[in-house]
Structures are given as structure tokens and as C-alpha cells.
Amino acid sequence: MKILLFDVDGTLVRAGAAGARALDKAVERRHGVPGVCASLNFQGKTDLRNFAEAISAATGRRATRAQVDAVHRDYLKELPRQVAVSIRGKRYELTRGIRSLLERLAVEEGVLLGLGTGNMERGARIKLAPSGLSGFFRFGGYGSDSYHRPALLRRGVARARKLLGGKRILRRDVFVVGDTPLDVAAGRRAGYRTIAVGTGWSPWKDLIASAPDFIARDFRDPEKWLTWIGLSKKRSQR
């Protein structure tokens, strides 16, 4: 069984900075400081970490868990509105080739598709809802599981194992798919194989330098992906 864990922002969809705007609104509502996200870089991090950094930028102090939880609640209230703003402004889009690839993988008996994202679970589902992709992913590891991406990826694999009735999953059969060097680093630290895609905002040279197991500009050419995860030979023998 091959397990693929997909990042959300920049990997599955480009939501037109809806998350950053929602976080800005939540921090301003709680702490009275507008526009804190403009000076922060959220790529490849978890929401728990991003919320804490945004609060610290607004207050000048280390964020408490109670503050993070309060901002999280306001963020989730604001996020659907900001996703709608991105859609109206034609800034919400699926990454190139992703729907065709997921449709191809979904019919393979030896593949289980999940999310491996720094987004809180509800936030991830809100961002994915307009894309029509959410139904491909029955499980995941989320920013609500941990501050640290390797830990949330392992949590995602644990949920996959539960779906498979406790069946053993080999680390070499887990593939972490993301658009930033931090996604690659997290997958490697978790002990899994990594696929980097140039669908987000990371410079191509930085993705190459992160030394993923495989790298692609986008999700076109499904046969290449089947080869990478070790299914093309199996399919040819059916």
C-alpha cells in the first residue's frame, strides 16, 4: 500500500492569500494591530506556529496557548469569507494537473490519499471546499496535531494505518508531497520519501537544493507519478 500525504497551500490549491488575510483580521480583532502578516513568512509552517508568531508580532510578547486558541477561533470564522473574496477576485485556483492526477490515483487499489498540511483540520477543509478536491482525502495529519510538521505527518500515517485495519505501513511506501523546502525537510525527518512540486511560491532552485527524492514542475504526466511511487510496473503486469 502506497500512502501519499499532500500539502494544501501551493500544492493542491492557491487560495489567493485567504489564510493570511483571515489571520490578519483575527489578530487585529483580538489585539488591535492590523496587517501583522505582511512581515511574516508562513510557507511550510504549521498554523499553530503561524498563529503564535502573528500574536507575538502584534504584542511583542510570547503568545500563550489561550491567545492562540482565541485567534484560531476567530480565524476559522473569518476564513470562509476570505476564501470567497479570493474566488470573486479570481485568485483561487487549483494547481496545474492536480485534479487529473488525483482522479488517476484514486482508482488505484494500492494507493491511499491523505493530507499532510500545517493547516488546522477545519481550516484545510475550508480552503479545499471550493476546489472539489476534499473528497479525495479520507484522512490526514494537520497543524492541529502538532507545532512540528514531522510529528503531524507521522500522525497522518497513524490514521492511515487505522483505516487499513492496523496493517503495517513501510516508511519507504509513504510519500510526502509539498511545494516548499520545509515540506521536503519535514518528510525526510519523519522518515518518509519526498516529492517536491513547483506549484507554489518557492524558487525552483531552492526546491532542487532541498534534495527531494523526486521533483516536478507540476502534477501533469500521471504516468511519471505512478512510476515514482512504484505502481507502473505493477499495472503493466495486470
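The values are calculated or read from the model by the stated rules, or taken from the named source; none is laboratory data. Quick caveat, the model's predicted, so the values are computed rather than measured. Note that each Cβ is placed from the backbone with ideal geometry, even for glycine, and that neighbours are counted across all protein chains shown.
Do any residues in region 35-53 that are in contact (Cβ under 8 Å) with a residue 12 or more places away in the chain and farther than 25 Å from Leu12 by Cβ have Cβ atoms under 8 Å from those of residues that are of a type in the set (A, V, I, L, M) and surrounded by fewer than 20 Cβ atoms within 10 Å (Cβ to Cβ), where the two are at least six apart or on different chains, and which pairs are they? From residues that are in contact (Cβ under 8 Å) with a residue 12 or more places away in the chain and farther than 25 Å from Leu12 by Cβ, the pairs are Val36/Ala57; Ser39/Ala57.
To keep it simple, each residue is scored yes or no on (1) of a type in the set (D, E, K, R); (2) within 14 Å of Asp7 (Cβ to Cβ); (3) assigned to a loop (DSSP other than H, G, I, E, B).
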{"position": "Val85", "(1), (2), (3)": "no, no, no"}
{"position": "Arg99", "(1), (2), (3)": "yes, no, no"}
{"position": "Leu102", "(1), (2), (3)": "no, yes, no"}
{"position": "Leu112", "(1), (2), (3)": "no, no, no"}
{"position": "Asn119", "(1), (2), (3)": "no, yes, yes"}
{"position": "Gly123", "(1), (2), (3)": "no, yes, no"}
{"position": "Ile126", "(1), (2), (3)": "no, no, no"}
{"position": "Pro130", "(1), (2), (3)": "no, no, no"}
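Name the residue that is farthest from Tyr92 (Cα to Cα), counting only residues in region 178-217 that are more than 17 Å from the chain's Cα centre (by Cα) and of a type in the set (Phe, Trp, Tyr). Selected residue: Phe214. Within region 143-167, restricting attention to residues that are closer than 12 Å to Glu121 by Cβ and touching a Ser or Thr at 6+ places or on another chain (Cβ under 6 Å), the residue that is modelled with the lowest pLDDT is Gly143. Just so you know, in region 65-79 the residues that are more than 13 Å from Ile126 (Cα to Cα) and acidic (Asp, Glu) include one that is surrounded by the most Cβ atoms within 10 Å (Cβ to Cβ), and it is Asp74.
Within region 184-220, the set of residues being β-branched (Val, Ile, Thr) and closer than 19 Å to Gly118 by Cα comprises Val184, Thr194, Ile195, Val197, Thr199. Do we have any residue at all in region 187-200 that's polar (S, T, N, Q), within 22 Å of Glu103 (Cα to Cα) and surrounded by fewer than 18 Cβ atoms within 10 Å (Cβ to Cβ)? Within region 187-200, none of the residues are polar (S, T, N, Q), within 22 Å of Glu103 (Cα to Cα) and surrounded by fewer than 18 Cβ atoms within 10 Å (Cβ to Cβ).
Every residue in region 18-51 that is under 13 Å from Tyr75 (Cα atoms) and small (Gly, Ala, Ser), please. Of everything in region 18-51, those that are under 13 Å from Tyr75 (Cα atoms) and small (Gly, Ala, Ser) turn out to be Ala18, Gly19, Ala20, Ala22, Ala26.
Quick check on this structure: which one of Ala52, Ala17, Ala38 is surrounded by fewer than 21 Cβ atoms within 10 Å (Cβ to Cβ) and within 24 Å of Leu207 (Cβ to Cβ)?
None of the others qualify; the one that does is Ala17.
Close Cβ contacts (under 7 Å, 6 or more residues apart or on different chains) running from residues in region 196-215 that are part of a loop (DSSP other than H, G, I, E, B) to residues that are among the basic types (Lys, Arg) and surrounded by 17 or more Cβ atoms within 10 Å (Cβ to Cβ) comprise Asp213/Arg193. Got at least one residue in region 98-107 being surrounded by fewer than 24 Cβ atoms within 10 Å (Cβ to Cβ) and either under 13 Å from the mean Cα position of the chain (by Cα) or not assigned by TED's automatic domain parsing to the domain that holds Ile215 (or both)? No: zero hits. Selection within region 131-169: residues that are in contact (Cβ under 8 Å) with a residue 60 or more places away in the chain and within 14 Å of Val83 (Cβ to Cβ). The member of this set that is surrounded by the fewest Cβ atoms within 10 Å (Cβ to Cβ) is Ser131.
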